[in-house]
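Worksheet: one structure, shown below.
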Amino acid sequence: MKPETLKKISDYCYEIPKTARKGMRVPARIYANAELIGSMDDAVFDQAANVAMLPGIRKYALCMPDGHSGYGFPIGGVAAVDPEDGGVISPGGIGFDINCGIRLMASTLTLDEVREHIQPLVDRLFARVPAGVGAAGEIVLKGSKLDEAMVKGARWAVQNGFGLPEDLEYCEENGCMEGADPAAVSQKARERGKSQTGTLGSGNHFLEIQVAKKAGIHDEKTARAFGIDRDDQILIMIHSGSRATGHQIATDYLQRFLSVQQRYGINLPDRELACAPLYSEDGRAYFGAMNCAINIAFLNRQLIMHRVREVFAEYFGKSPRELGLRLVYDVCHNTAKLESHEIEGKARTLLVHRKGATRAFAPGMKGIPERYLSYGQPVIVGGSMETGSYLCAGTASARGSFYSTVHGSGRLMSRTQARKRFNGRDLQRSLGERGIHIRTASFSGLAEEAGGAYKDIDAVVGAAFGAGLCAPVARLEPLGNVKG
Amino acid sequence: MPFELVEDITSADIAVRATGRSAAELFVSAGEALRAIMLQDPRRPAAGAEISFELNAASIEMLLFTFLDELLFYKDSEALLVSPATVDVEEGPDGASLQCRALTERIDPAMHRFIVDVKAVTMHRFSVRLEKGVWTATIVFDV
């Protein structure tokens, strides 16, 4: 499908009409400005149209401004289905890395205090936080201990000494998704991820030391509420997911749905959209297993954050509390969650798939920490190691996107194109000259994550703001990065 | 060439096209492709321990999917890179099955330089075809 077939709704919203392709149940809407639309590959529009064919879908199939082609859903895809009306759950609408997400930790340190220490800090983080293929965490989760962890998520970590009780308040779902069913998780998934909890992973996963400079503050009042309360404040961002446990759960249920979906009368154009009604034996089983993976991801990020606190405390000879190492928030960007949304004037419980998209609840909505209630949910948008990231806030104007927004910059180049264009070691050197210290488990992988391989994050966040999906609070600049 | 990268299918992930003159060759090629996209230097393993496993699926296409998923399982659960040496594939009225004999090597960060980690085999554009005596598979790996 060519972008010329799109109908312009506003400067930041384009529509694929329901009539564009047989089988579409609703129109598809792409939130982006003309330039970003032009940079999207044609597969984005095909995939958004396919998503519009999901049984039970409500209002629109959506794609966020950082959208790019994926499998099943586009990356940046959002779809809300009504389970009471045959609404389905699809692993291809969530991704294999279930609850891939980002957490942001603030400190009371400033740039002047850490400028000379970035390199040793990054080196110590690289040594202490397992990253890359084959890296194992310090905790091996098996049997009943794994069952408990899959049900409790980050709460399991805090109960076992890996964090503070107040950390939980600042995670989506308080770091513990309800409805996890360990009995729905295969032995293969249990085995595959048993050593990976507390590891960063690879690809676009990272751990980054950042600075919030005064010039990058867009909304001082909200920044202060979120904990950015001094000039040149240091923050730490962690991007990781449910590791191999989640990958195998998604694979298991993709295969299962492929074999049963015809029984439910489902026939979709992309097999990666294989699905089953949520309110069916198959759908409920995946929902229970997926929630286990969501919790494993919360746990994973909590363990990594605990390790980061230890590294900073040892290095500076102060306690994490003295360093003000406080969790700002933890967001998910690969999930399907039951949420209440208004459809034709009535509140309905919908299953909202977000694949490479972030929940962005508006001020006053249930589910936001009390401290942030009047400011909106913190939204963490991870950019490349060269160009920076954003802290944003949810807004009331995001109702049309089921309170969803961007999750990152979005890829512009394929991985192989990026590897041809950039050299990992050269990149490390040039970033070092700019004061950004990088450690990586893979220089080829580093080249794939070069800033030039991604869209302009300022344009992406600007489009999200223009579309009313979220509001920028602070731009965060990279100082040091650990890449998996 | 037993496999090649396909550029125009995906931007965030990696697509390959693997070929073989028999189903058995195709499966070995697909296993080599998986190894080659992950490793900077995908030389054959020197002398790892040998393993064997059997798999069944409803079709030869799903058998290839299951086979690649099995290789990923060893990578993550045992930190083993598995290089299929021989794969005996059989198709019958009730589906397809295989017996695989493979060499393994333990992942060693000092020796193995990874380009990417593969998380999963996707069903996006996944296909296995037999045309003019050549088996061809298109596979998109999630990385």
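The values are calculated or read from the model by the stated rules, or taken from the named source; none is laboratory data. As the structure is a computational prediction, the values presented were derived from the model and not from experiment. In this analysis, Cβ positions are derived from the backbone assuming ideal geometry, glycine residues included, and neighbour counts consider all displayed protein chains. Heavy atoms of the whole protein, side chains included, go into the accessibility calculation; ligands, DNA and RNA do not. Shrake-Rupley method; radii C 1.70, N 1.55, O 1.52, S 1.80 Å.
Values for this structure:
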quantity: Sole exception among (1) open to solvent by 10 Å² or more (accessible area, probe 1.4 Å); (2) of a type outside the set (A, V, I, L, M, F, W, C); (3) within 14 Å of chain B (Cβ to nearest Cβ) for A:Glu477, by number; calculated: (3)
quantity: Options A:Thr395, A:Thr387; residue that is surrounded by fewer than 21 Cβ atoms within 10 Å (Cβ to Cβ) and under 19 Å from the mean Cα position of the chain (by Cα); calculated: A:Thr387
quantity: Qualifying residues in region A:187-229 (those that are in a helix (DSSP H, G or I) and within 14 Å of another protein chain (Cβ to nearest Cβ)) - the one most open to solvent (accessible area, probe 1.4 Å); calculated: A:Gln187
quantity: Residue check for A:Ala183: more than 16 Å from the chain's Cα centre (by Cα) and open to solvent by 20 Å² or more (accessible area, probe 1.4 Å); calculated: yes
quantity: Hey, A:Glu191 under 17 Å from A:Arg475 (Cα atoms), more than 19 Å from the chain's Cα centre (by Cα) and free of Cβ contacts under 8 Å to residues at least 12 places away in the same chain or not; calculated: no
quantity: Residue that is farthest from the other protein chains (Cβ to nearest Cβ), among those in region A:272-285 that are in contact with a Ser or Thr (Cβ under 9 Å, 6 or more places away or on another chain) and not aliphatic (A, V, I, L, M); calculated: A:Cys275
quantity: Residue match in region A:306-317 (condition: in contact (Cβ under 8 Å) with a residue 24 or more places away in the chain, outside any helix (DSSP H, G or I) and in contact with a helix residue (DSSP H, G or I) (Cβ under 7 Å, 6 or more places away or on another chain)); calculated: no
quantity: Criterion: farther than 17 Å from A:Thr251 by Cβ, out of contact with any His (no Cβ under 9 Å at 6 or more places or on another chain), among the polar types (S, T, N, Q) and modelled with pLDDT under 95 - qualifying residue of B:Ser83, B:Ser11; calculated: B:Ser83
quantity: Of all residues in region A:52-106 being aromatic (Phe, Trp, Tyr) and assigned to a loop (DSSP other than H, G, I, E, B), the one that is least open to solvent (accessible area, probe 1.4 Å); calculated: A:Phe96
quantity: Selection within region A:1-48 - without any contact (Cβ under 8 Å) to a residue 60 or more places away in the chain, among the small types (Gly, Ala, Ser) and crowded, with 24+ Cβ neighbours inside 10 Å; calculated: A:Ala28, A:Ala48
quantity: Residues of region A:371-398 satisfying the condition of being in contact with a helix residue (DSSP H, G or I) (Cβ under 8 Å, 6 or more places away or on another chain) and not in a loop (DSSP other than H, G, I, E, B); calculated: A:Arg371, A:Tyr372, A:Pro378, A:Val381, A:Ser389, A:Tyr390, A:Leu391, A:Cys392, A:Ala393
quantity: Within region A:230-278, tally of residues that are assigned to a helix (DSSP H, G or I) and open to solvent by 30 Å² or more (accessible area, probe 1.4 Å); calculated: 9
quantity: Residue in region A:340-361 that is assigned to a loop (DSSP other than H, G, I, E, B) and either of a type in the set (Val, Ile, Thr) or at pLDDT below 95 (or both) present; calculated: yes
quantity: Matching residues in region A:419-445 - criterion: being in a helix (DSSP H, G or I), at pLDDT 90 or above and within 14 Å of another protein chain (Cβ to nearest Cβ); calculated: A:Arg421, A:Gly424, A:Arg425
quantity: Residues of region B:47-96 classified as open to solvent by 30 Å² or more (accessible area, probe 1.4 Å), outside any loop (DSSP other than H, G, I, E, B) and more than 12 Å from every other protein chain (Cβ to nearest Cβ), total; calculated: 12
quantity: Whichever residue in region B:97-108 is in contact (Cβ under 8 Å) with a residue 24 or more places away in the chain and either assigned to a loop (DSSP other than H, G, I, E, B) or open to solvent by 10 Å² or more (accessible area, probe 1.4 Å) (or both) and, among such residues, is nearest to the other protein chains (Cβ to nearest Cβ); calculated: B:Ile107
quantity: Criterion violated by A:Ser409 - all others in (1) within 14 Å of chain B (Cβ to nearest Cβ); (2) within 21 Å of the chain's Cα centre (by Cα); (3) surrounded by fewer than 21 Cβ atoms within 10 Å (Cβ to Cβ) satisfied; calculated: (3)
quantity: Every residue from region B:109-124 that is more than 24 Å from A:Leu273 (Cβ to Cβ) and facing chain A (nearest Cβ under 7 Å); calculated: B:Pro109, B:Arg113, B:Phe114, B:Ile115, B:Val116, B:Asp117
quantity: Extreme residue, nearest to the chain's Cα centre (by Cα), among residues of region A:284-307 that are surrounded by fewer than 24 Cβ atoms within 10 Å (Cβ to Cβ) and small (Gly, Ala, Ser); calculated: A:Gly288
quantity: Odd one out for A:Ala450, checked against (1) under 27 Å from A:Asp41 (Cβ atoms); (2) open to solvent by 10 Å² or more (accessible area, probe 1.4 Å); (3) touching a residue at least 40 places away in the same chain (Cβ under 8 Å); calculated: (2)
quantity: From the options B:Arg43, B:Arg17, B:Arg35, residue that is more than 8 Å from chain A (Cβ to nearest Cβ) and in contact with a Pro (Cβ under 7 Å, 6 or more places away or on another chain); calculated: B:Arg35
